[in-house]
Amino acid sequence: MQPISKYSMGLRYGLITGLAYAILLFFRYKFFAGSPIALAIFSMVSYLIILGLYLFAGISRKKELVGYADFKDIFRTIFIVIIITEAVYVIFNAIYLKYVDPAFFDNFKSTTRNFLEKSGLTQDQIDERMKSFDDSGKQMTPMSLVKGFGSWVVIDSIIGMIYAAILRKKKDIFEEPKL
């Protein structure tokens with residue numbers, strides 16, 4: 001029997017999940033940025049898909065270990081997937097928003113302002129909500145990207161720990177071996 005690597009499942013699913021995230025990000029920026037509500041909904045759905053892929057990686061690791069895996073084995077796999085996926089997120093955003101579509105924030109700001117004006121808000125309310133766009137350029141600094149990476153790794157890891165706790169299953173020491 002071939003030994004099971006502790007890292008291969010995490011690397012495999014990390015690349016798959018990272019690629020899926022890059023595709024979802026592209027669709028988010030290209031097709032859903034015309035409406036703040038559509039962008040928010042698509043962002044939430046995309047994140048739920050990514051969380052589902054984290055869970056699927058944990059389930060696959062458990063199956064690889066013949067149904068018996070402890071917390072550490074499952075979480076290690078999910079954590080590797082999280083690191084790769086969040087790294088892809090940072091790299092994709094840095095490249096796409098800096099080189100492919102550098103006017104994205106300006107276009108989205110304009111779209112959001114139009115949306116808020118149509119929703120009947122006063123000018124003061126619109127100005128208050130638009131203040132967050134003034135710092136959009138600061139979000140792409142290397143330090144901001146590293147902070148965002150760290151924050152999302154922590155948030156996703158908490159979810160990964162919950163998944164690992166649910167999926168873990170230890171072998172019963174009194175269980176008869178199946179022939």
Q: Give the shape of the range 30-79 as rounded, prolate or oblate, defined through the alpha-carbon gyration tensor: a ≥ b ≥ c are the square roots of its eigenvalues, a/c under 1.5 means rounded, and otherwise the shape is prolate if a/b is larger than b/c and oblate if not.
A: prolate
Q | Rounded tilt (10° steps) of 104-118 against the dominant C-alpha axis of the chain | A | 70
Q. Out of the range 1-67, which trypsin sites (Lys or Arg not before Pro) are coil in DSSP terms and have no more than 14 other C-beta atoms within 10 Å?
A. Lys6
Q: Take every Cα pair under 8 Å in the chain that's 6+ residues apart, average their separations, divide by the length, and report that relative contact order as a whole percent.
A: 33
Q) Quick one: length gained pulling Phe26 to Tyr7 fully straight, 0.36 nm per residue minus the C-alpha distance? A) 4.0 nm
Q: Could you sort out which of Lys109/Lys147; Lys30/Lys131; Lys30/Lys147; Lys30/Lys62 sit more than 27 Å apart by Cα distance in this structure?
A: Lys30/Lys62
Q. Summing -39500 (n - 2.57) over the DSSP H runs of n ≥ 4 in the chain and dividing by its residue number, what mean residue ellipticity at 222 nm do you reach, to the nearest 500 deg cm²/dmol?
A. -25500 deg cm²/dmol
Q) Nearest 10 degrees, 0 to 90: what angle lies between the long axis of helix 71-95 and the longest principal axis of the chain (Cα atoms)? A) 30
Q: Using every Cα-Cα pair within the chain, state what percent have a distance larger than 22 Å.
A: 55
Q.
Can you give me the angle between helix 8-31 and the longest principal axis of the chain, using Cα atoms only, in degrees from 0 to 90, rounded to the nearest 10?
A. 20
Q. Ranked from highest to lowest mean number of other Cβ atoms within 10 Å per residue, what is the order of the peptides 70-76, 44-50, 125-131?
A. 70-76, 44-50, 125-131
Q. Under 12 Å from the Cα of Lys170, which aspartates and glutamates turn up, not counting those fewer than eight places away in the same chain?
A. Asp70, Asp73
(Q) With a 10 Å cut-off between alpha carbons and a GNM built on the chain, which of Leu167, Leu145, Leu121 moves the most? (A) Leu121
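Computed from the coordinates by the stated procedures, all read-outs in this text should not be read as laboratory data. Since the structure is predicted, the reported quantities are computational estimates derived from the model, not experimental observations. With ideal geometry, Cβ positions are generated from the backbone for all residues, glycine too; neighbour counts draw on all protein chains shown.
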